[in-house]
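Following: one structure in structure tokens, then a few remarks.
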Amino acid sequence: MKIYVSHSRSFDYKKDLYDVLENSGLNLEFIFPHKDSEEAFDSKSLFQNKQCDLILAEGSYQATGQGIELGWANILGFKIVTIYKEGSHLSNSLRKISVEVIEYVDSSDLVNKLTVYFQQNIA
């Protein structure tokens, strides 16, 4: 399963998201749009060409670009699973387009909750 990871650029996503997911032990293939470059990533083409199976959206930090990206994914019929850090404000729009919303406390809690979610929902 290929999972596109959507996020704002308003935090250290490489350390706090990419590294956490890469070292999670989850047997999934993650697509990190800014792992090797800060340039704009063509997520719209990725979605149109069905090059991923699910969108994992980190919603702790609101961002217009991410909202547009998730709107494309939603219109094209992708399942969106949203994660957000406890104490963050998650937009109502993001709640409405997500098939699952997962609140987490820290990176360990995030990995534990994602492990449970994917065990229960991925055949």
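Please state which of the following conditions H89 fails to meet, knowing it meets all the rest: (1) over 15 Å from the mean Cα position of the chain (by Cα); (2) more than 23 Å from S10 (Cα to Cα).
Single failed check for H89: (2).
Just to be sure before I move on: is A63 under 13 Å from S6 (Cα atoms), in contact with a strand residue (DSSP E or B) (Cβ under 6 Å, 6 or more places away or on another chain) and either modelled with pLDDT under 95 or among the small types (G, A, S) (or both) in the structure I sent?
Here the answer is no, as A63 does not meet what is asked.
Residue pairs, Cβ under 7 Å, 6 or more apart or interchain, first in the stretch 102-119 and free of Cβ contacts under 8 Å to residues at least 40 places away in the same chain, second open to solvent by 70 Å² or more (accessible area, probe 1.4 Å) and part of a helix (DSSP H, G or I). List them.
So the pair list comes out as I102/K113; Y104/K113.
Pairs please, first residue from the stretch 29-50 and at positive phi, second anywhere and open to solvent by 30 Å² or more (accessible area, probe 1.4 Å) and in a loop (DSSP other than H, G, I, E, B), Cβ atoms under 9 Å, 6+ apart in sequence or on different chains.
Sorted first by the residue in the stretch 29-50, then by its partner, the pairs are K50/L76.
Please determine whether any residue of the stretch 100-119 is exposed (fewer than 12 other Cβ atoms within 10 Å of the Cβ) and at pLDDT below 95.
Yes, the conditions are met somewhere in the stretch 100-119.
The values are calculated or read from the model by the stated rules, or taken from the named source; none is laboratory data. Keep in mind the model is a prediction, meaning the values are calculated, not measured. Glycine also receives a Cβ, built like all others from the backbone with ideal geometry; neighbour counts cover every protein chain displayed. With ligands, DNA and RNA removed, areas are computed over all heavy atoms of the protein, side chains included. Shrake-Rupley method; radii C 1.70, N 1.55, O 1.52, S 1.80 Å.
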